[in-house]
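In what follows, a structure is listed as structure tokens, so that the remarks can point back to it.
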Amino acid sequence: MSFTLALVGRPNVGKSTLFNRLVGRKLALVDDQPGVTRDLREGDARLGDLNFTVIDTAGLEEANDASLPGRMRALTERAVDMADVCLFMVDARAGVLPADEIFADILRRRAKHVVLAANKGEGAAADAGVAEAWGLGLGDPVRISAEHGEGMTDLYAALQPLA
Ligand code: GDP
Ligand code: MG
């Protein structure tokens, strides 16, 4: 059965990098500068024997520590409502920031299913951030590296029961 997965999280956590890896084409714009693209992007994704639609909440503007611009919230909520499952991505190198808590709150209230991913998980520099992600109360974080392709088997294992 097919499903729709939304990649949700603050700017720069690696959503577009994972989108590109799952879709296998450079459809989403990846940039070191947050806020370059503005829309939701959809692609046909494959992970092992799972085939699904993936939505990248591309182009979110920089989230300040305490506030989330209304447009960013609206874009995220739109993606969450379209999705059967949300992959909530945090940056394990940066740790859990106040902006992450705002996204977590949206997901707790609106999402049908949430899988938590601690991205940029390659190397020991991510250990503390992965541990912090537990504190979000959204379950066992799946440690991945979208850039290096690590943790994709664990991501599969987390998504497969929800497919
Ligand atoms: P988005 O704003 O959430 O879409 O994030 P991007 O996919 O544009 O990635 C933001 C930055 O993080 C880029 O410089 C990526 O190369 C980098 N990045 C993405 N995934 C990883 C990862 O697994 N490890 C590391 N070290 N960097 C990553
Ligand atoms: Mg992006």
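Every read-out reported here was derived from the displayed coordinates using simple, explicitly stated rules and does not represent laboratory data. Note that the coordinates shown come from a computational prediction; the quantities given were computed from them, not determined experimentally. Every residue, glycine as well, gets a Cβ built from its backbone with ideal geometry; the counts of neighbours run over all protein chains shown.
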Those residues that are surrounded by 20 or more Cβ atoms within 10 Å (Cβ to Cβ) and either of a type in the set (G, A, S) or outside any strand (DSSP E or B) (or both), I need them from segment 107-128; list them, please. L107, A111, A117, A118, K120, G121, A126
Kindly indicate which of L155, L162 is within 15 Å of V85 (Cα to Cα), surrounded by 20 or more Cβ atoms within 10 Å (Cβ to Cβ), touching a residue at least 12 places away in the same chain (Cβ under 8 Å) and not acidic (D, E). L155
